[in-house]
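The values are calculated or read from the model by the stated rules, or taken from the named source; none is laboratory data. As the structure is a computational prediction, the values presented were derived from the model and not from experiment. Don't worry about glycine lacking a Cβ; one is built from the backbone with ideal geometry, like all the others, and counts go over all protein chains shown.
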Amino acid sequence: MIRKCLFPVAGYGTRFLPATKAVPKEMLPILTKPLMQYGVEEAMNAGMSTMAIVTGRSKKAIEDHFDINYEIEDQIKGTDKENYLIGIREVISKCTFSYTRQIQMKGLGHAILTGEPLIGNEPFAVILADDLCDNGSDDGVLAQMVKLYDKYKCSIVAIEEVNPSETKKYGIIDGTQIEDGIYRVHNMVEKPNPKDALTNLAIIGRYILTPDIFDIIRDTKPGKGGEIQITDTLMTQASIGNVIAYKFKGKRFDCGSVDGFVEATNYFYNQSK
Ligand code: G1P
């Protein structure tokens, strides 16, 4: 059983400046709900209730969001506006949130290692909240991956086919298809140029990781961009057949880009009508 979900949220969100000068990018809303809350709800939908958040300076709004705001509660008590808080109240009452700070930005692998004290020695999920996923009323992406973990008991990455010109934005995998949409990974490369890309199967921001990943990260040298890449550490597991890639069911929006953010906003707005 997977109980914990790690959220690396220390990144600066430079693509959304100036909006992200004082507001964490994970707190930008799609309609009225911040990206971070969508992520936490997806983890809850997958049966997780312990949220492990690797945070950084200027990210205090995330902690405040998953807490009670007594002043607002007092102001709207007994009015219709209380309905706006039903969702977040439920999240707060059902989950625990723990935080640790990433002092220096040394890559996603480093961020995940920073979360080790919050995770311990058990398999766990990772959500990158700026990849927003939706599968209507069916299982969310993480819930689909948890089912797969029960079967394969190894690390799992969610993938989707991207335009071959876009491989340099993603970790790219190559593998052998063992079931419809499920691959045993034998190679993976972080952000290759299109001409060097193994395939167009791109990792999106959902992972299930086995806890041996922490020792592997400690032994992994900086890769692309001088950062410790989770893709490189996963390659160590993949080399002994311990990584599965899963073409998930549902839609995914790259809300770290303005285009993806607007697309998600339109999509969720139309869904709400
Ligand atoms: C990270 C990972 C990359 C993955 C991507 C998914 O990159 O390093 O392998 O494909 O997330 O969103 P980032 O977008 O943080 O640069």
Residue pairs qualifying under the 6 Å Cβ cut-off, at least six apart or on distinct chains, with the first in the range 244-260 being in contact (Cβ under 8 Å) with a residue 24 or more places away in the chain and the second being surrounded by fewer than 16 Cβ atoms within 10 Å (Cβ to Cβ), are 247/181
Within the range 200-212, residues being away from the ligand (no atom under 13 Å from the Cβ) and either more than 25 Å from residue 26 (Cα to Cα) or surrounded by fewer than 20 Cβ atoms within 10 Å (Cβ to Cβ) (or both) number 3
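I'd like to know if the range 219-228 contains one or more residues that are β-branched (Val, Ile, Thr) and either in contact with a strand residue (DSSP E or B) (Cβ under 9 Å, 6 or more places away or on another chain) or in a loop (DSSP other than H, G, I, E, B) (or both). Spell out how you get there, then give the answer.
Of all residues in the range 219-228, those β-branched (Val, Ile, Thr) come to 220, 228.
Those left that are additionally either in contact with a strand residue (DSSP E or B) (Cβ under 9 Å, 6 or more places away or on another chain) or in a loop (DSSP other than H, G, I, E, B) (or both): 220, 228.
For the range 219-228, residues β-branched (Val, Ile, Thr) and either in contact with a strand residue (DSSP E or B) (Cβ under 9 Å, 6 or more places away or on another chain) or in a loop (DSSP other than H, G, I, E, B) (or both): present.
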Sole miss for residue 190 among (1) more than 13 Å from the ligand (Cβ to nearest atom); (2) over 13 Å from residue 112 (Cα atoms); (3) under 20 Å from the mean Cα position of the chain (by Cα); (4) not β-branched (Val, Ile, Thr) is condition (1)
Tell me, please, whether a residue that is buried (at least 18 other Cβ atoms within 10 Å of the Cβ) and either part of a loop (DSSP other than H, G, I, E, B) or not polar (S, T, N, Q) (or both) can be found in the range 64-84. yes
Tell me, yes or no, whether the range 25-48 has at least one residue that is farther than 17 Å from residue 133 by Cα, modelled with pLDDT of 95 or more, in contact with a helix residue (DSSP H, G or I) (Cβ under 9 Å, 6 or more places away or on another chain) and not hydrophobic (A, V, I, L, M, F, W, C). no
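Of all the residues that make up the range 96-137, how many are assigned to a strand (DSSP E or B) and farther than 18 Å from residue 267 by Cα?
Here is the first cut: in the range 96-137, the residues assigned to a strand (DSSP E or B) are 96-101, 124-127, 131-135, 137.
Remaining after also requiring farther than 18 Å from residue 267 by Cα: 96-101, 124-127.
So the answer is 10.
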Given the structure, is residue 181 among the small types (Gly, Ala, Ser), farther than 19 Å from residue 160 by Cβ, surrounded by fewer than 19 Cβ atoms within 10 Å (Cβ to Cβ) and more than 16 Å from the ligand (Cβ to nearest atom)? no
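How many residues are part of a loop (DSSP other than H, G, I, E, B), without any contact (Cβ under 8 Å) to a residue 60 or more places away in the chain and hydrophobic (A, V, I, L, M, F, W, C) if we restrict to the range 138-196?
Kept after step one, since they are part of a loop (DSSP other than H, G, I, E, B), are these residues of the range 138-196: 138-140, 153-154, 162-163, 170, 180-181, 191-193.
Imposing the further condition that a residue be without any contact (Cβ under 8 Å) to a residue 60 or more places away in the chain reduces the set to 153, 162-163, 170, 180, 191-193.
Then drop every residue that is not hydrophobic (A, V, I, L, M, F, W, C), which leaves 162.
Residues meeting the conditions: 1.
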Within the range 228-254, restricting to residues that are farther than 20 Å from residue 167 by Cβ and in contact with a Leu (Cβ under 8 Å, 6 or more places away or on another chain), the one that is surrounded by the most Cβ atoms within 10 Å (Cβ to Cβ) is 244
Of 136, 78, 107, 120, the only residue that is on the phi > 0 side of the Ramachandran plot and within 14 Å of the ligand (Cβ to nearest atom) is 107
Contact list, first residue from the range 71-86 and farther than 16 Å from residue 33 by Cβ and free of Cβ contacts under 8 Å to residues at least 24 places away in the same chain, second anywhere and surrounded by 11 or more Cβ atoms within 10 Å (Cβ to Cβ) and of a type in the set (A, V, I, L, M, F, W, C), beta-carbon distance below 8 Å, six or more apart or interchain, is 73/85; 76/85; 82/76
All-but-one check, residue 198 against (1) modelled with pLDDT under 95; (2) closer than 21 Å to residue 106 by Cβ; (3) of a type in the set (A, V, I, L, M), failing number (2)
